[in-house]
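The values are calculated or read from the model by the stated rules, or taken from the named source; none is laboratory data. Computed from a predicted model, the values in this text were never measured in an experiment. Neighbour counts run over all protein chains shown; Cβ positions are idealised from the backbone, glycine included.
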Amino acid sequence: MGSIESKRVCCIFGDLSTELNNTKVGCYIGEVLLNHLRCADVIYVFCPTVRGLQSILNVCQAYAESHGIIFNCSKPICMRFKAEGAKAQSSTILTLCGQNVRSVSHYKCLGIVLDTELSDDKGSQEKLPYQYCAANKLRASNFRCSIAVKNILFRSFCTPMNASQLWCNFKKPCMQRLRVPFNFGCRALYIKLALESQC
């Protein structure tokens with residue numbers, strides 16, 4: 001991760017993408033088939049049915065065997081997203097290269113926490129330590145700055161939260177807990193600013 005892909009790797013993944021698209025198995029958005037996404041050297045495959053997902057994995061396995069590629073079978077994971085109100089079902093058993101794919105209830109992908117219940121609570125709570133750290137940095141700053149600079153510091157340290165724009169399914173208490181360090185940073189900065197102006 002972080003390095004430029006070689007032409008060979010790019011060609012390999014390009015050919016694999018073509019074979020996966022030829023399966024005609026996966027999720028359809030209108031008439032467009034979407035059964036995999038690729039980010040650097042990681043492939044995410046998805047399908048609405050277990051049988052379809054296993055067939056996609058079989059295509060990946062056959063392609064790897066024919067091109068001399070070795071999958072790291074300790075890394076693949078499976079997440080099963082369930083509809084709201086649906087009954088809990090047994091974990092899905094999928095295989096890749098003769099080994100079972102591990103099932104998980106949540107997974108962090110590019111800073112976004114995916115949850116099988118489609119909840120954003122875990123993602124929001126992961127931001128708490130960062131928010132407290134940012135608020136304490138502002139509080140510990142003893143240098144004198146203008147109001148404009150203080151505003152920039154506050155926006156830089158306390159407002160950016162990766163993927164917060166995507167949160168749509170969360171509980172109110174989780175957002176209230178996240179608001180505490182935000183307000184703490186605001187008070188620490190602007191109350192200190194008011195005290196400095198009185199000196």
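Examine the range 67-80 for a residue that is part of a strand (DSSP E or B) and either closer than 26 Å to Lys108 by Cβ or touching a residue at least 60 places away in the same chain (Cβ under 8 Å) (or both), and state whether such a residue exists. The answer is yes; a qualifying residue exists.
Criterion first (aliphatic (A, V, I, L, M) and assigned to a loop (DSSP other than H, G, I, E, B)) does Ile93 satisfy it? So Ile93 fits the description; yes. Taken together, the residues in the range 29-47 that are exposed (fewer than 12 other Cβ atoms within 10 Å of the Cβ) and more than 19 Å from the chain's Cα centre (by Cα) amount to 4.
Filtered by the rule that a residue be on the phi > 0 side of the Ramachandran plot, out of contact with any strand residue (DSSP E or B) (no Cβ under 7 Å at 6 or more places or on another chain) and in contact (Cβ under 8 Å) with a residue 12 or more places away in the chain, the range 23-64 gives a lone residue, Ala40.
Here is a yes/no grid of residues against (1) surrounded by 12 or more Cβ atoms within 10 Å (Cβ to Cβ); (2) at pLDDT 80 or above; (3) in contact with a helix residue (DSSP H, G or I) (Cβ under 8 Å, 6 or more places away or on another chain):
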site: Gly85; (1), (2), (3): no, no, no
site: Gln89; (1), (2), (3): no, no, no
site: Ile112; (1), (2), (3): yes, no, yes
site: Leu138; (1), (2), (3): yes, no, yes
site: Cys145; (1), (2), (3): yes, no, yes
site: Val149; (1), (2), (3): no, no, no
site: Arg155; (1), (2), (3): no, no, no
site: Arg177; (1), (2), (3): yes, yes, yes
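Taking the range 15-27 as the range and being among the hydroxyl-bearing types (Ser, Thr, Tyr) and either loosely packed, with under 12 Cβ neighbours inside 10 Å or closer than 14 Å to Cys78 by Cα (or both) as the test, only Thr18 passes.
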